[in-house]
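The values are calculated or read from the model by the stated rules, or taken from the named source; none is laboratory data. Only a predicted model underlies this, so the values are computations on that prediction, with no experimental measurement involved. Backbone-built Cβ (ideal geometry, glycine too); neighbour counts: all protein chains shown. Just so you know, the surface numbers come from the protein's heavy atoms only, side chains and all, with ligands and any DNA or RNA stripped out. Shrake-Rupley method; radii C 1.70, N 1.55, O 1.52, S 1.80 Å.
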Amino acid sequence: MELFLKHQNAEDIFSDFAQLMREGELEELKVLFKGSSKDEPIFLKQITEFAILNKEAVISELSSLEGTMTGKWILDLTNTSLFSLLGEWGEEYEELIAYCDKSKPLDDDQDIFNAMVGRKDKVHVNYEDFKAPITFNLKEPLNLVDSKEYYGIQIADAIAGAFAYAFDESREEDKYKLKWQKMGETHLSKTNLFPNISYLDMSSPEVQLNTILLRELVDRSRKGVSLTENMGLFIHFIKSQLEESPMKII
């Protein structure tokens with residue numbers, strides 16, 4: 001919500017998080033572990049307090065990633081995006097051969113893709129309104145190639161650039177943006193994530209539940225008790241209460 005409203009502290013927290021995950025250094029962070037200001041919105045205060053109260057756990061978790069490929073590329077979406085696309089294409093085709101532009105994340109770690117070579121079974125995970133495939137059948141390992149030598153990769157780059165332009169909210173609307181947005185309605189993957197303004201609607205039971213969960217996590221952190229113990233029961237109870245009286249519980 002605060003990012004949507006362009007609150008400076010929200011942007012600083014987001015920037016700190018990205019820097020922390022990429023570099024693992026706390027000293028240069030502006031806000032995340034420094035405490036909140038008096039005029040800071042309540043949600044940002046709670047996020048900052050939660051981070052401070054769980055600082056040692058965060059440091060421990062990040063330390064376990066040092067020297068691993070997971071830690072190096074933890075915020076990079078190359079592997080995640082490619083895996084999702086191959087999964088969807090695998091629903092339509094029995095066997096796939098993948099050619100990809102060379103990239104460091106793919107160079108460093110192809111284990112998950114190698115596990116799909118010759119894989120015939122179909123496994124899915126349930127989302128709210130659809131089943132997403134998490135297996136597909138590759139005929140051979142990924143082919144990482146130079147885009148200068150492969151015209152298909154160049155075409156893919158051009159299409160990706162067009163879609164990036166079409167969905168860039170910082171640019172003014174024009175006939176080309178609208179044309180590509182319309183095409184995107186039928187071609188974009190269901191696993192894509194876009195800003196969802198409904199998460200800002202405080203009259204929504206789901207948003208109220210998220211608000212209560214954040215407060216509960218902060219309260220548990222203050223008390224030094226488990227963040228997860230009986231959390232399922234707590235969520236079930238809050239949901240039932242919100243169904244009866246959505247606004248009164250907050």
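For this structure, a couple of remarks:
- Overall, the accessible surface of the range 116-191 at a probe of 1.4 angstrom is composed of carbon and sulfur to the extent of 53 percent.
- Residue pairs exceeding 32 angstrom between C-alpha atoms, taken from LYS45/LYS131; LYS72/LYS239; LYS131/LYS239; LYS131/LYS223; LYS139/LYS177; LYS120/LYS179: LYS45/LYS131; LYS72/LYS239; LYS131/LYS223; LYS139/LYS177; LYS120/LYS179.
- Using a simple spin-label model with pseudo-atoms 7 Å out from Cα toward Cβ, TYR151 and SER203 lie 5.6 nm apart.
- Amide H contacts for LEU144 (H built 1.01 Å from N in the peptide plane; partners 5 or more residues away or on another chain; cut-off under 5 Å): CYS100.
- Relative contact order %, the range 61-152, counting alpha carbon pairs below 8 Å whose residues are six or more apart: 33 percent
- Per residue accessible area of the range 103-250, 1.4 Å probe, in Å²: 72 Å²
- With contacts taken as Cα pairs under 8 Å at a separation of at least 6 residues, the range 119-246 carries a relative contact order of 13 percent.
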